[in-house]
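Heads up, the thing below is written out as structure tokens.
The values are calculated or read from the model by the stated rules, or taken from the named source; none is laboratory data. This is a predicted model, so every value here is computed, not measured. Cβ placement follows ideal geometry from the backbone for every residue including glycine, while neighbour counts extend to all protein chains displayed. For accessibility, only protein heavy atoms count, side chains too; no ligands or nucleic acids. Shrake-Rupley method; radii C 1.70, N 1.55, O 1.52, S 1.80 Å.
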Amino acid sequence: MKKTLQFACICLLSLASMLVVSSCETEEEELNIPTVNFTFDDYWPYVANGQQLTLEGLVIDESKSSPGLRIVQVEYLFDDKSISSSTAAPFALNYKIQGQSIGEHTLTAIIKVKGDGYVDMTYTLKFTITVLEEPFVLDFNITYDDESFNNSEIRNGETLSGTISLSENTSVDATITRVEYYWDGTMFSGTSIAPFRFEYQMNGQTIGAHEFKIVVNVDTELGEFKLTRTIPFNILR
């Protein structure tokens, strides 16, 4: 049965070992080369024929990069064949693997970066993609103590609480090793003990939109993965 990957695996990439940089500017401008690090969302190095090879987003990690930089274009290649090109954020990739040989393949991202006062740069990132015989699915469930929270709505004074577990859809041997919980970007809890409970009391929240994020670290037979799910919540009057 065809599966769809739904969650995030974030990779922070070290440019010192993974980048090929080129420039078409003058010799004087080439001296002003910025430091750049990229963050990829929802990157999965394992996929089977019939599944989607997905990168949900590509951004510059501003905390580890020179200021004022922006991505202007990203082109993706699979085994040196162009499969997608984008000039608009989030520069996502959604490519269906079909008829590929079982084993290792190469995904390439060619990223063009501009910045005021900097030479224009092109960064080439290469990843190993392994095509499996069977679908690769890694998924987790959220079980709220109050089922009403499944509607992503909560009131001040209530407590957002529940547990995390691997989904029955998971197709590889896997174990959750740690879960972290964030509200509006700030971590409020983290645990390495099953059933990975969370509790967060809503006090003094502004009415309207907020963000509940869950980061699940998973150890599998194919390596370690980080799954991220971001859930928009609404604080009711």
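Summary table below
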quantity: Those residues of segment 200-221 which are closer than 15 Å to ILE176 by Cβ and of a type in the set (A, V, I, L, M, F, W, C), in sequence order; calculated: ILE214, VAL215, VAL216, VAL218
quantity: Selection count where residues are under 14 Å from THR186 (Cβ atoms) and either aliphatic (A, V, I, L, M) or open to solvent by 70 Å² or more (accessible area, probe 1.4 Å) (or both), scope segment 205-227; calculated: 3
quantity: Neighbours by Cβ (under 7 Å, 6+ apart or cross-chain): first from segment 125-146, open to solvent by 60 Å² or more (accessible area, probe 1.4 Å); second assigned to a loop (DSSP other than H, G, I, E, B); calculated: THR128/PRO45; GLU133/ILE102; GLU134/SER171; ASN141/SER167
quantity: Every pair of residues 6+ apart whose Cβ atoms lie under 8 Å, when the first sits in segment 101-120 and is under 17 Å from SER84 (Cα atoms) while the second is among the acidic types (Asp, Glu) and surrounded by 14 or more Cβ atoms within 10 Å (Cβ to Cβ); calculated: ALA109/GLU75; ILE110/GLU75; LYS112/ASP120
quantity: Residue that is most open to solvent (accessible area, probe 1.4 Å) [pool: residues in segment 158-168 that are hydroxyl-bearing (Ser, Thr, Tyr) and over 23 Å from the mean Cα position of the chain (by Cα)]; calculated: THR159
quantity: Single residue of GLY190, GLY204, GLY157 found to be over 23 Å from PRO45 (Cβ atoms), assigned to a strand (DSSP E or B), small (Gly, Ala, Ser) and out of contact with any helix residue (DSSP H, G or I) (no Cβ under 7 Å at 6 or more places or on another chain); calculated: GLY190
quantity: Residues of segment 73-113 classified as part of a strand (DSSP E or B) and either surrounded by 12 or more Cβ atoms within 10 Å (Cβ to Cβ) or modelled with pLDDT under 95 (or both), total; calculated: 23
quantity: Hits in segment 187-204 (condition: more than 18 Å from ASN234 (Cβ to Cβ) and either surrounded by fewer than 14 Cβ atoms within 10 Å (Cβ to Cβ) or not hydrophobic (A, V, I, L, M, F, W, C) (or both)); calculated: MET187, SER189, GLY190, THR191, SER192, ILE193, ALA194, PRO195, ARG197, GLU199
quantity: Tally, over segment 31-50, of residues that are open to solvent by 20 Å² or more (accessible area, probe 1.4 Å) and of a type outside the set (Val, Ile, Thr); calculated: 8
quantity: TYR181 vs. criteria without any contact (Cβ under 8 Å) to a residue 40 or more places away in the chain and not aliphatic (A, V, I, L, M); calculated: yes
quantity: Segment 51-70, residues that are in a strand (DSSP E or B), open to solvent by 20 Å² or more (accessible area, probe 1.4 Å) and of a type outside the set (Lys, Arg); calculated: GLN52, VAL59, ILE60, LEU69
quantity: Condition check for ARG155: open to solvent by 20 Å² or more (accessible area, probe 1.4 Å), under 18 Å from the mean Cα position of the chain (by Cα) and among the basic types (Lys, Arg); calculated: no
